[in-house]
1. What are the ³J(HN,Hα) values, in whole Hz, obtained from phi via the Karplus relation 6.51 cos²θ - 1.76 cosθ + 1.60 with θ = phi - 60°, for each residue of the range 86-103 in sequence order, with x given for Gly and Pro?
2. Suppose R0 equals 25 Å. What FRET efficiency, 1/(1 + (r/R0)^6) with r the Cβ-Cβ distance, do Lys137 and Ser10 give to the nearest 0.05?
3. For a quick check: sort Phe101, Phe70, Phe144 by the number of other beta carbons within 10 angstrom, fewest at the front.
4. Determine the principal axes of the Cα atoms in the range 46-151, then give the extent along each, sorted from largest to smallest and rounded to whole angstroms.
5. How long is the gain from Gln46 to Asp34 if the chain were fully straight, where each residue apart is worth 0.36 nm and the alpha carbon distance is subtracted?
6. Measure nothing but the geometry: give the 0 to 90° angle between the long axis through the Cα atoms of 5-20 and the longest principal axis through the Cα atoms of the chain, rounded to 10°.
7. Rounded to the nearest 10 degrees, what's the angle between the helix 41-57 long axis and the longest principal axis of the chain, both from Cα atoms, 0 to 90?
8. Modelling each spin label as a point 7 Å along the Cα-to-Cβ direction, I'd like the Phe92/Asp72 distance in nm, to one decimal.
Amino acid sequence: KPTNLEGVISNAIDTIVQTHESRVKIKRDGVKPDILIPLDEIRIEQVLINFLTNAIKYSPQNNQVIVTTFVDEEEQEVRVSVTDFGIGIPDFKQEAVFNKFYRVEESSLQFQGMGIGLFICSEIIKQHHGNIGVSSKVDEGSTFYFTLPLN
Ligand code: ATP
Ligand code: MG
């Protein structure tokens, strides 16, 4: 149903801030998407919470996270991304992180997880006819993003 995306994003950030308190600094960047988009509020909030939880978990030395939003009028889509400055993911493993139960070896030794969060995110974004992806560099950080069609 038509939902204000900005509200969904701020709910997700609030939830994360309440859980992690002052340990994490979440910054907003870009124009806030004060627009109505047909979406499942609970599920899109879940995607953001999974992105944010990962961003914090996999960046033990740096607690800065940036949420960027961009409305692309030409492509008729909105793009939401979560950037961290953590351990990063090697190039050739980036596609696999969306697979069920996949975990990057190096990080699974250090951090707990099931390897299911991003798989769920990818299923939810597929149901919304959007795209999901990541760009990342080892020891520099990662940006996970999703897009949603405006109509
Ligand atoms: P959970 O099911 O509890 O979320 P998880 O975090 O291991 O467990 P996913 O969220 O699906 O599972 O992520 C899959 C794998 O991708 C992770 O195990 C980790 O190796 C890698 N990964 C995900 N997000 C990041 C990130 N922000 N930085 C570095 N690696 C990441
Ligand atoms: Mg996870």
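1. x, 6, x, 9, x, 2, 6, 9, 5, 5, 5, 5, 8, 7, 4, 6, 6, 9
2. Computed FRET efficiency for Lys137 and Ser10 comes out at 0.30.
3. Placing the least packed residue first, the sequence is Phe101, Phe70, Phe144.
4. Principal extents (Cα only, largest first): 42, 27, 24 Å.
5. Values: separation 12, 0.36 × 12 = 4.32 nm, distance 1.92 nm.
Length gained, Gln46 through Asp34: 2.4 nm.
6. 30
7. 30
8. Between Phe92 and Asp72, the simple spin-label model gives 2.9 nm.
Read-outs throughout are calculated quantities, based only on the coordinates presented, and are distinct from any laboratory measurement. Computed from a predicted structure; not experimentally measured. With ideal geometry, Cβ positions are generated from the backbone for all residues, glycine too; neighbour counts draw on all protein chains shown.
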